[in-house]
Amino acid sequence: NRRTASAIGVVVVLLGGSVWFYVAAKARREAFADQALTQARYTASTGNLPLASNDLQRIVQTYGSTKAGQAALITLSQVRLMQGQAERAIPDLRNGIAKGLDPEFRGPAHGLLAGALEQMGQPGEAAQEYERAADAYPYDFLKAQSLVDAGRTYWTAGDTAKAAAAFARVIKDYSKAP
């Protein structure tokens, strides 16, 4: 009985220590990622977009599964679009979306992907991404704006029926939204 109790006690202590170590390591990883993201955003704010882009890419590669890593993907895509590098933003965003982003990053990722596709002259695909952004955003005004963008880009692509449907959805679902 004593041996069994001792063995159970050791197992419980080891299991508890393992859980604590995992939780602590995850928190440290998130903190390191957040600190790196803050530094990269500061670099971008100073106007050094090439360095910020490199730093953000490194954060996405190293900490991509963390909240800060996902935020870095959004910021990196914004920087690349500001630099006229839509062709580089598109695969990063598609890869991030495919891996599965946290809900708070899905709308912005689809919206940025839509903007990049639009810059690359692909309005039909851009419109579909704007619709996905509308579905992913939690706020009505962002949903409505994304649907207006979807309608505009469907119109540009020559698909007037889908454009009209997107505009009609805005009127039907969001006419009272600010």
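Where a ≥ b ≥ c are the square roots of the eigenvalues of the C-alpha gyration tensor, would you call segment 91-178 rounded, which needs a/c under 1.5, or, failing that, prolate if a/b is larger than b/c, or oblate? Judged from the Cα gyration tensor, segment 91-178 comes out oblate (a/c at least 1.5, b/c at or above a/b). For the chain, the longest principal axis of the C-alpha atoms and the axis of helix 67-82 are separated by about 30°. The orientation-averaged projected area of the convex hull spanned by the Cα atoms of the chain comes to 14.5 nm². For segment 1-102, the spread of Cα positions along the three principal axes, ordered from largest to smallest, is 72, 29, 16 Å. Using the Cβ-Cβ distance between residue 24 and residue 120 with R0 set to 41 Å, the FRET efficiency works out to roughly 0.40.
Carbon-plus-sulfur accessible fraction, the chain (probe radius 1.4 Å, protein heavy atoms only): 59%. Phi angles of segment 19-30 translate, via the Karplus equation with coefficients 6.51, -1.76, 1.60 and θ = phi - 60°, into HN-Hα couplings of 5, 4, 4, 4, 5, 5, 5, 5, 5, 5, 4, 5 Hz per residue; Gly and Pro are given as x.
Karplus-derived 3J(HN,Hα) values for segment 51-59, using 6.51 cos²θ - 1.76 cosθ + 1.60 with θ = phi - 60°, are 5, 4, 4, 4, 5, 5, 4, 5, 5 Hz; glycine and proline are entered as x. Its Cα centre serving as origin, the chain has a Cβ charge dipole (Lys and Arg +1, Asp and Glu -1) of approximately 760 debye. For the chain, the solvent-accessible area works out to 59 Å² per residue, with a probe of 1.4 Å and every protein chain left in place. Estimated at the nearest 10 Å², the accessible area of residue 173 is 70 Å² with a 1.4 Å probe. At the residue level, residue 118 shows approximately 60 square angstrom of accessible surface with a 1.4 angstrom probe and all protein chains present.
Phi angles across segment 107-114 convert, under the Karplus curve 6.51 cos²θ - 1.76 cosθ + 1.60 with θ = phi - 60°, into 3J(HN,Hα) values of x, x, 5, 5, x, 5, 4, 4 Hz, Gly and Pro given as x. Of 51, 112, 15, the residue with the largest accessible area leads and the full order is 15, 51, 112 (1.4 Å probe).
The values are calculated or read from the model by the stated rules, or taken from the named source; none is laboratory data. On a predicted model such as this, the values are computed, not experimentally measured, just so you know. With ideal geometry, Cβ positions are generated from the backbone for all residues, glycine too; neighbour counts draw on all protein chains shown. Accessible surface areas use protein heavy atoms only, side chains included; no ligands, DNA or RNA. Shrake-Rupley method; radii C 1.70, N 1.55, O 1.52, S 1.80 Å.
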